[in-house]
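Shown next, in structure tokens, is the structure this report addresses.
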Amino acid sequence: MYRIPADLDLSPLVGEYATQIRVGRFDLQFAFGPVRFAVESPIRLFRDGEPIARWKAGRWPPPEFYEIMNVDVLRYEVPDDRRIVIELDNGIAIHLAGDSDDRECFQIFIEGNHPTWII
């Protein structure tokens with residue numbers, strides 16, 4: 001629906017870690033320090049470039065999603081206006097995609113004086 005804006009600054013999540021994953025009926029939520037994600041579109045996990053897990057709405061996340069908890073974020077990347085990649089210290093990369101032009105795919109909340117980003 002909305003693309004990822006060029007001025008989205010996710011730098012507050014670098015060096016942070018997630019302590020929990022929240023599972024909703026149609027979303028998966030997690031936070032790295034002050035940056036919280038609520039995702040309705042599929043999430044893919046990769047380790048060293050190889051796919052290891054995928055979550056989609058209406059499903060319980062596979063056990064590999066436990067591996068994103070308590071691991072520092074090394075860096076993030078916004079390759080284009082539809083994708084965010086979050087790289088963790090254990091070799092896992094979380095791929096979020098705004099894969100629809102018809103509905104919201106995820107929201108990003110950053111603590112402090114920041115807008116809520118709806119992608």
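Considering only the stretch 2-51, how many residues are of a type outside the set (D, E, K, R) and at positive phi? Explain how you work it out, then say what you get.
Step one: list which residues in the stretch 2-51 are of a type outside the set (D, E, K, R), which gives 2, 4-6, 8, 10-15, 17-21, 23-24, 26, 28-35, 37-39, 41-43, 45-46, 49, 51.
Applying the additional criterion that residues be at positive phi yields 15, 33, 49.
The number of residues fulfilling the criteria is 3.
Which pairs turn up if I take residues in the stretch 3-25 that are within 23 Å of PRO63 (Cβ to Cβ) and look for partners that are open to solvent by 60 Å² or more (accessible area, probe 1.4 Å) with beta carbon separation below 6 Å, at least 6 apart in sequence or on another chain?
Partner pairs satisfying both residue conditions: TYR17/ASN70; TYR17/ASP72.
Mind checking which pairs have a first residue in the stretch 94-119 that is at positive phi and a second that is in a strand (DSSP E or B) and open to solvent by less than 70 Å² (accessible area, probe 1.4 Å), Cβ under 7 Å, 6 or more apart or different chains?
Pairs that qualify, where the first residue is at positive phi and the partner is in a strand (DSSP E or B) and open to solvent by less than 70 Å² (accessible area, probe 1.4 Å): there are none.
If you go through the stretch 11-47, how many residues are at pLDDT 95 or above, in a loop (DSSP other than H, G, I, E, B) and hydrophobic (A, V, I, L, M, F, W, C)?
1
Check off (1) surrounded by fewer than 17 Cβ atoms within 10 Å (Cβ to Cβ); (2) within 13 Å of the chain's Cα centre (by Cα) for PHE32 and give me the number that stays unchecked.
(1)
Would you confirm whether or not the stretch 71-90 contains a residue that is open to solvent by 20 Å² or more (accessible area, probe 1.4 Å), touching a helix residue (DSSP H, G or I) at 6+ places or on another chain (Cβ under 8 Å) and not in a strand (DSSP E or B)?
Among the residues of the stretch 71-90, at least one is open to solvent by 20 Å² or more (accessible area, probe 1.4 Å), touching a helix residue (DSSP H, G or I) at 6+ places or on another chain (Cβ under 8 Å) and not in a strand (DSSP E or B), which makes the answer yes.
Quick one: is SER100 within 13 Å of the chain's Cα centre (by Cα) and in a loop (DSSP other than H, G, I, E, B)? Spell out the reasoning first.
Values: within 13 Å of the chain's Cα centre (by Cα): no; in a loop (DSSP other than H, G, I, E, B): yes.
Criteria not met by SER100.
Given the residues PRO12, PRO62, PRO51, PRO42, which is the only one that is more than 26 Å from PRO115 (Cβ to Cβ) and open to solvent by less than 50 Å² (accessible area, probe 1.4 Å)? Let's see the steps before the verdict.
Values: PRO12 fails: more than 26 Å from PRO115 (Cβ to Cβ); PRO51 fails: open to solvent by less than 50 Å² (accessible area, probe 1.4 Å); PRO42 fails: more than 26 Å from PRO115 (Cβ to Cβ).
Residue meeting the stated conditions: PRO62.
Taking the stretch 48-70 as the region of interest, how many residues are part of a strand (DSSP E or B) and either free of Cβ contacts under 8 Å to residues at least 40 places away in the same chain or out of contact with any strand residue (DSSP E or B) (no Cβ under 6 Å at 6 or more places or on another chain) (or both)? Spell out the reasoning first.
To start, the set of residues in the stretch 48-70 that are part of a strand (DSSP E or B) comprises 50-55, 69.
Keeping just the survivors that are either free of Cβ contacts under 8 Å to residues at least 40 places away in the same chain or out of contact with any strand residue (DSSP E or B) (no Cβ under 6 Å at 6 or more places or on another chain) (or both) gives 50-51, 53-55.
Qualifying residue count, the stretch 48-70: 5.
The values are calculated or read from the model by the stated rules, or taken from the named source; none is laboratory data. Values in this document were obtained by computation on a predicted structure and should not be read as measured data. Here Cβ is always computed from backbone atoms with ideal geometry, including for glycine, and neighbour counts include all displayed protein chains. Side chains are part of the model used for accessible areas, which takes the heavy atoms of the whole protein and leaves out ligands, DNA and RNA. Shrake-Rupley method; radii C 1.70, N 1.55, O 1.52, S 1.80 Å.
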